[in-house]
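Undergrad: There's a structure below that I have some questions on.
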Amino acid sequence: MSDFVSLLTSYNVLGAFKVNVELTLWSTLFSLVIGLVLVMMRISPVSSLRGFATGYVELFKNMPLTIIMVFMVLGAFGQLKFQFSNNFDTNFFWLAVSGLSLYTAAFVCESLRSGINTVPIGQAEAARSLGLDFMQSAGIIILPQAVRGAVAPLGNTFIALLKNSTVAAAASVSTETSSLMSSMIENNASMILYIFLIFAIGYVILIIPIGLLTTWLSNRLAVRR
């Protein structure tokens, strides 16, 4: 037990989890915005917009996240000289947020689309009969109901995002949990079981409340038909 406590006091474990939570929160915000735009394009009457959104979703949904993270560092930053800040830590943090947001937006779009599929087609026909255009129908009638029907898949998407935030190590974010875990194992190989338990329990503590909240919201907001 003393070994377990000494690990917790010798390393900034809470600080590492804080970095992952920050990565997740910012990526959640940006992926929601991008995912919302994408789903509007996917249900748009303009075929070129539908084609672009479909291509984006299929590309990012089927691409490994690590490849995106490596591209953000070696491609966007290293070759294209794209940077958010002159401070390396800040720059790599936001590059990781960008990669996570671009990747997760594809899944957010699919989650919202699954919610749209729960909206009866009569709702859209009624909106058109009232003289509403596409943006008005989508924004006032369809999307509010779709979001209520997509709470559960969105919750699963954001739980996956929290776990995926450990891939930020590939984007040179050196203060998040997987990087700290590697450092702890290198310096304390004899306590590898304790180290594993610290991070396993930490993620369980973070993820279970999100799952419970998602389930509660899904039941609370479900549209009874």
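Undergrad: I need the phi-derived Karplus couplings for the stretch 13-22: 6.51 cos²θ - 1.76 cosθ + 1.60, θ = phi - 60°, integer Hz, Gly and Pro marked x.
TA: For the stretch 13-22, the Karplus-derived couplings read 5, 4, x, 5, 5, 4, 4, 5, 5, 5 Hz, x marking Gly and Pro.
Undergrad: Let me ask something else. For the chain, what does -39500 (n - 2.57) per DSSP helix run (n ≥ 4), summed and divided by total residues, give at 222 nm, in deg cm²/dmol to the nearest 500?
TA: Using -39500 (n - 2.57) per qualifying helix, the result is -23500 deg cm²/dmol.
Undergrad: Once you charge only the Cβ atoms, +1 for Lys and Arg and -1 for Asp and Glu, what is the size of the charge dipole of the stretch 32-130 about its Cα centre, to the nearest 20 debye?
TA: Computed about the Cα centre, the dipole is about 180 debye.
Undergrad: Which shape class, rounded, prolate or oblate, goes with the stretch 123-191 when its Cα gyration tensor gives a ≥ b ≥ c as root eigenvalues, a/c under 1.5 marks rounded, and past that a/b bigger than b/c marks prolate?
TA: prolate
Undergrad: While we're looking at this one, here's another question. Just to be sure I understand: if I project the alpha-carbon convex hull of the stretch 102-149 onto a plane and average over all orientations, what area do I get in nm²?
TA: Spelled out: convex hull of the Cα atoms, projected over all directions, averaged, 3.3 nm².
Undergrad: Here's something else I'd like to know. Looking at the stretch 65-104, I'd like the Rg to Rh ratio, where Rg is from alpha-carbon atoms and Rh is Kirkwood's inverse mean 1/r.
TA: 0.94
Undergrad: Over the chain, what percent of the accessible surface lies on carbon and sulfur atoms, probe 1.4 Å?
TA: 67
Undergrad: Which whole-number percentage describes the relative contact order of the chain, with Cα contacts under 8 Å and a sequence gap of 6 or more?
TA: The normalised contact order for the chain reaches 28 percent.
Undergrad: Under a GNM of the chain (C-alpha, springs under 10 Å), which listed residue has the highest mean-square fluctuation: VAL19, VAL57, VAL46?
TA: Of VAL19, VAL57, VAL46, the most mobile in the Gaussian network model is VAL46.
Undergrad: Now for a different question. Between ILE185 and LYS163, what is the label-point separation in nm under the 7 Å Cα-to-beta-carbon projection?
TA: 1.7
Undergrad: With θ set to phi - 60°, apply the Karplus curve 6.51 cos²θ - 1.76 cosθ + 1.60 along the stretch 179-193 and write out the HN-Hα couplings as whole Hz, x wherever there is a Gly or Pro.
TA: Result, ordered by residue: 5, 5, 4, 4, 5, 5, 5, 4, 8, 9, 4, 6, 10, 4, 5 Hz.
Undergrad: Let me ask another. Grab the beta carbon distance between ILE210 and LEU14, set R0 = 22 Å, and tell me the FRET efficiency rounded to 0.05.
TA: FRET efficiency, ILE210 to LEU14: 0.75.
Undergrad: I need the calculated FRET efficiency for the pair ILE201 and ILE67, taking r as the beta carbon distance and R₀ as 25 Å, to the nearest 0.05.
TA: 0.25
Undergrad: How much accessible surface does LYS18 have with a 1.4 Å probe, in Å² rounded to 10?
TA: 120
Undergrad: Between PHE134 and ASN87, what FRET efficiency comes out of the Förster formula 1/(1 + (r/R0)^6) with R0 = 30 Å and r the beta carbon distance, rounded to 0.05?
TA: For R0 = 30 Å, the calculated efficiency reads 0.10.
Undergrad: Let me ask something additional. Kindly report the accessible area of the chain per residue (heavy atoms of protein chains, probe 1.4 Å, no ligands, DNA or RNA), in Å².
TA: 54
Undergrad: Taking Rh as the Kirkwood radius computed over C-alpha pairs, what is the Stokes-Einstein D of the stretch 75-179 at 4 °C in a medium of viscosity 1.567 mPa s, expressed in µm² per second?
TA: Answer, rounded: 80 µm²/s.
Undergrad: Based on Cβ point charges of +1 for Lys and Arg and -1 for Asp and Glu, what charge dipole magnitude is obtained for the stretch 67-225 about its Cα centre, in debye rounded to the nearest 20?
TA: About 520 debye.
Undergrad: Pick from LEU80, LEU59, LEU36 the residue whose mean-square fluctuation is largest in a GNM of the chain, springs joining Cα atoms under 10 Å.
TA: Most flexible of the set in this elastic network: LEU80.
Undergrad: Here's another thing I want to ask about it. GNM, the chain, Cα, under 10 Å: largest mean-square fluctuation among SER98, SER85, SER165?
TA: Maximum fluctuation in the GNM of the chain, among the listed residues, is at SER85.
Undergrad: Hey, what D do you get for the stretch 13-101 in µm²/s if you plug the Kirkwood alpha-carbon radius into Stokes-Einstein at 10 °C and 1.306 mPa s?
TA: Translational D for this selection: 109 µm²/s.
Undergrad: Same structure, new question: Taking just the alpha-carbon atoms of the chain, what radius of gyration and Dmax come out, in angstrom?
TA: 20.7, 71
Undergrad: In the neighborhood of VAL173, defined by Cβ-to-Cβ distances under 13 Å, what is the net charge if each Lys or Arg adds +1 and each Asp or Glu adds -1?
TA: Neighbourhood net charge equals -2.
The values are calculated or read from the model by the stated rules, or taken from the named source; none is laboratory data. Every value quoted in this text rests on a predicted model; they were computed, and no experiment measured them. Reconstructed Cβ throughout: ideal geometry from the backbone, glycine too, with neighbour counts over all protein chains shown. Remember, those area values only see protein heavy atoms, side chains included, never the ligands or the DNA or RNA. Shrake-Rupley method; radii C 1.70, N 1.55, O 1.52, S 1.80 Å.
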